[in-house]
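Please read the structure below before turning to the comments.
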């Protein structure tokens with residue numbers, strides 16, 4: 001038996017980017033639905049440190065790069081959404097820290113002072129006098145300067161729940177599909193694709209004005225399945241580290257190395273596990289260089305680095321672990337990451353990556369503009385969503401890596 005449904009937008013991928021698009025397009029008057037093969041927030045989403053930044057770290061080479069310019073307006077866009085005044089409602093999302101910091105040792109003091117005092121950064125970054133240091137830095141840093149950045153940190157799991165709950169009406173438009181139980185068809189001389197699902201001995205055909213591939217690393221498989229030719233994917237791995245202990249203070253800081261670099265020596269965010277312990281989540285150069293190390297080697301390097309940066313901090317009771325996660329993005333031909341969110345259209349498929357968490361609102365803007373450019377109109381009803389709600393299950397939420 002074959003069941004046929006049509007709608008305007010089908011989104012692949014239940015990470016932050018896909019869920020944000022679902023919310024944004026619904027607010028634009030469309031009737032989008034989203035499909036996910038595993039859990040909401042899995043993969044890159046819950047591996048994110050949750051930093052919403054304005055690109056300062058990309059300007060550490062001494063001038064603003066294209067990446068820094070693309071990202072500069074993002075904190076304001078997020079703040080508007082968090083206040084309930086933006087394109088997507090994020091009211092109630094947990095903010096882990098209203099401020100982010102950058103600490104440099106004494107060897108970089110004069111160079112940083114000159115750079116951060118430049119016209120392009122005037123008023124955006126402030127060096128703090130020692131008496132204004134947060135308690136952790138008063139007790140644990142020996143030499144150097146602490147800067148307050150116009151960045152903040154959100155809780156990724158809280159964000160995913162909010163984006164899901166925003167659309168959880170009587171018939172939530174979020175569906176679980178199995179990896180091996182779907183394929184795409186392209187009929188005859190018609191250039192548009194359709195999605196075919198196999199469920200309980202039934203074939204379900206879904207036609208859409210646009211399929212949006214927003215599945216992170218999963219985009220590569222979707223590109224291969226549809227054999228679209230205009231876009232290619234790439235991944236860049238990270239070897240992330242975390243330590244957790246009830247004795248750890250909460251810290252949010254970039255530790256700048258011995259020279260200016262696009263990547264800080266160490267980036268620390270603080271979270272909580274299910275037992276209420278503080279989790280230090282470690283990224284930056286440690287994670288990028290660590291992809292060539294096994295877990296034992298990576299943890300040894302991480303412990304030595306934390307000990308060197310914060311010699312007064314006692315981590316003897318902490319539990320340490322690490323994992324490798326791929327950053328998925330468009331391959332723009334030079335093996336570097338794109339400077340901004342990226343999308344490309346072919347037939348009735350839009351393939352999209354936010355490139356970074358911070359750029360998710362930019363990706364949504366680009367998708368909306370692409371739909372308007374192509375005169376993609378909203379369907380007149382929720383009929384497909386209502387029908388699929390009787391046939392398909394809802395995906396669950398992923399767990400944080402440290403739980």
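Among the residues of the stretch 365-385, none qualifies, meaning not one is part of a loop (DSSP other than H, G, I, E, B), in the same structural domain as residue 18 (by TED's automatic domain parsing) and under 23 Å from the mean Cα position of the chain (by Cα). Restricted to strands (runs of 3 or more DSSP E) entirely inside the stretch 187-291, those with at least 2 residues that are at pLDDT 95 or above are 193-199, 202-213, 233-245, 266-272, 278-283. Filtered by the rule that a residue be in a helix (DSSP H, G or I) and either modelled with pLDDT of 85 or more or outside the structural domain of residue 269 (by TED's automatic domain parsing) (or both), the stretch 99-151 gives 130, 131, 132, 135, 136, 137, 138, 139. Whether a residue is farther than 28 Å from residue 30 by Cβ and part of a loop (DSSP other than H, G, I, E, B) was assessed, and residue 337 passes this test.
Selection of the stretch 22-43 for residues being under 17 Å from residue 161 (Cβ atoms) and buried (at least 24 other Cβ atoms within 10 Å of the Cβ) yields 22, 34, 36, 40, 41.
Yes or no, residue by residue, for (1) more than 18 Å from the chain's Cα centre (by Cα); (2) closer than 17 Å to residue 49 by Cα:
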| position | (1), (2) |
| --- | --- |
| 246 | yes, no |
| 280 | yes, yes |
| 287 | no, yes |
| 302 | yes, yes |
| 321 | yes, yes |
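The values are calculated or read from the model by the stated rules, or taken from the named source; none is laboratory data. None of these values were measured; they are calculated from a predicted model. Note that we place each Cβ from the backbone using ideal geometry, even for glycine, and neighbour counts take in every protein chain shown.
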